[in-house]
1. Just the number please: accessible area per residue for the chain, 1.4 Å probe, all protein chains included, in Å².
2. Taking all pairs of distinct Cα atoms, average 1/r, flip it, and tell me the Kirkwood hydrodynamic radius of region 56-132 in Å to one decimal place.
3. How many nm separate the modelled label positions at residue 80 and residue 107, each set 7 Å beyond the Cα in the direction of the Cβ?
4. Residue 132 versus residue 36, label points 7 Å from Cα toward the beta carbon: distance in nm?
5. Mind grabbing the accessible area of residue 77 for me, 1.4 Å probe, Å², rounded to tens?
6. Can you pull the Rg over Rh of the chain, Cα-only, Kirkwood?
7. Could you tell me the calculated FRET efficiency between residue 52 and residue 8, based on Cβ-Cβ distance and R0 = 41 angstrom, to the nearest 0.05?
8. Roughly what would the spin-label model give for residue 99 and residue 122, points 7 Å off Cα along C-beta, in nm?
Amino acid sequence: MAHTRISMYMPPVIDPTQAAISYGCWALPKLNEELQSEDLLTRQKALMALCDLMHDPEYVYQAISIGCLESLKALLKDSDNLVRIKTTEVLYIMATHNVGRTGFLEHGIILALSLLLSDHQRECRENLHQAYKHLVQLPA
């Protein structure tokens with residue numbers, strides 16, 4: 001007959017808002033693929049993970065080179081408020097790096113961001129203005 005055993009350890013903490021990130025050179029291509037997903041939760045998780053990764057200029061450069069800016073530009077038109085807010089947050093973090101600012105100019109992100117100037121979400125507009133504030137530091 002089986003006996004019940006109760007563990008002394010707490011169960012693992014599983015955060016449903018964090019995406020499983022690949023390691024090494026596969027992290028950003030996988031996240032870029034998830035940004036283009038039809039599933040809303042997958043897009044939200046990918047944006048949360050991308051926010052964490054974009055603080056490193058090397059990841060910003062790699063994200064621009066694999067086409068993440070085009071995926072983010074498409075997400076600016078998403079109907080979900082959280083997706084738009086997190087997309088502008090990722091772009092704001094990317095704008096803090098020089099390579100991100102030049103990527104904005106090359107990929108036409110400034111015009112795409114201007115469509116959100118009258119967005120009804122305050123956080124979205126704040127991230128947008130922070131991104132513009134960093135963009136004006138670039139002479140071009």
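1. Value for the chain: 61 Å² per residue.
2. Final number for the Kirkwood radius of region 56-132 is 12.2 Å.
3. Simple spin-label model gives 1.9 nm for this pair.
4. 3.1 nm
5. Counting only protein heavy atoms, residue 77 exposes about 150 Å² to solvent.
6. Rg divided by Rh gives 1.12.
7. The computed FRET efficiency comes out at 0.80.
8. 3.6 nm
The values are calculated or read from the model by the stated rules, or taken from the named source; none is laboratory data. Just so it is clear, the model here is predicted, and its values are computed rather than measured. As a convention, Cβ positions derive from the backbone with ideal geometry for all residues, glycine included, and neighbour counts pool all protein chains shown. These area figures cover heavy atoms from the full protein model, side chains too; ligands, DNA and RNA do not enter into them. Shrake-Rupley method; radii C 1.70, N 1.55, O 1.52, S 1.80 Å.
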